[in-house]
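The values are calculated or read from the model by the stated rules, or taken from the named source; none is laboratory data. Predicted, not measured: the structure shown is a model, and the values here were computed from it. Here the Cβ positions follow ideal geometry from the backbone for every residue, glycine too, while neighbour counts run over all protein chains shown. Just so you know, the surface numbers come from the protein's heavy atoms only, side chains and all, with ligands and any DNA or RNA stripped out. Shrake-Rupley method; radii C 1.70, N 1.55, O 1.52, S 1.80 Å.
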Amino acid sequence: MPADFSGKWILETSEKFEEYLKALNIDFATRKIAISLSQTKVVTQDGDNFDFKTLSTFRNYELAFTVGVVLDEYTKGLDNRNIKSLVTWDKDMLVCTQRGEKANRGWKHWIEDDKLHLELTCEDVVCHQVFKRKE
Ligand code: ECB
């Protein structure tokens, strides 16, 4: 059985998120808003087909993808860049590489002790977020 990421998850801890935003060239004012937000991930999973919604009171972001299929992603409302994203499985971890202007960009998701973990990487910065199940 592959890992099951589906459900509603609420942000519990976030390390180096502002540094990550800086690496993406997000301006000071937007960073200050972004780091103060509560974020909710709503994940729908059907085999290798995923839909990730990242929700907040400020902005929302949605990404639908199939594992193993390269996708043209436009990070609308985030850093507004065009990237080529590819998500693959590494054991029970979802690994996304985001090719574009920014070096070493990507993310990883895994589940540990019923918490959803997310590592967001850009250049030499690694942000680590942990989400707990909502209701
Ligand atoms: C959408 C909630 C956060 C809103 C922050 C608003 C402005 C900040 C500008 C750029 C931020 C860049 C990234 C924000 C970090 C998290 C949002 C989703 C990042 C992402 O790629 O999530 C993946 C993995 O869960 C699925 O799309």
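Take the chain, mark every one of the trypsin sites (Lys or Arg not before Pro) that falls in a DSSP loop and has at most 15 other Cβ within 10 Å, then report the longest stretch left between them, sites excluded.
Counting at most 15 other Cβ atoms within 10 Å as exposed, the longest clean stretch of the chain is 1-58.
Once amide H atoms are placed 1.01 Å from N in the peptide plane, what residues at a sequence separation of 5 or more from Arg81, or on another chain, have their amide H within under 5 Å of its amide H?
Hits under the 5 Å cutoff: Thr75.
Is the shape of the chain rounded, prolate or oblate, going by the alpha carbon gyration tensor and its root eigenvalues a ≥ b ≥ c, with a/c under 1.5 for rounded and a/b larger than b/c for prolate?
oblate
Tell me the net charge near Gln45. Cut-off is 9 Å between Cβ atoms, Gln45 excluded, with +1 for each Lys or Arg and -1 for each Asp or Glu.
Neighbour charge sum, excluding Gln45 itself: -4.
Cα centroids of the range 67-135 and the range 15-61: how far apart, whole angstrom?
11 Å
Once you order the gyration tensor axes a ≥ b ≥ c over the Cα atoms, which shape class does the range 60-124 get: rounded for a/c under 1.5, otherwise prolate or oblate by comparing a/b with b/c?
prolate
Using only helices, what value at 222 nm comes out for the chain when you add -39,500 (n - 2.57) per DSSP H run of length 4 or more and divide by the total residues, to the nearest 500 deg cm²/dmol?
So the calculated ellipticity at 222 nm is -3000 deg cm²/dmol.
Once phi is turned into ³J(HN,Hα) by the Karplus curve 6.51 cos²θ - 1.76 cosθ + 1.60 with θ = phi - 60°, what whole-Hz value does each residue of the range 84-94 show in order, with x for glycine and proline?
9, 10, 9, 9, 10, 8, 10, 6, 9, 9, 8
Normalising by the residue count of the range 21-135, find the relative contact order in percent from Cα pairs under 8 Å and 6+ residues apart.
Normalised by residue count, the contact order of the range 21-135 is 13 percent.
How large is the accessible surface of Asp114 in square angstrom, using a 1.4 angstrom probe and rounding to the nearest 10?
Probe radius 1.4 Å; accessible area of Asp114 about 90 Å².
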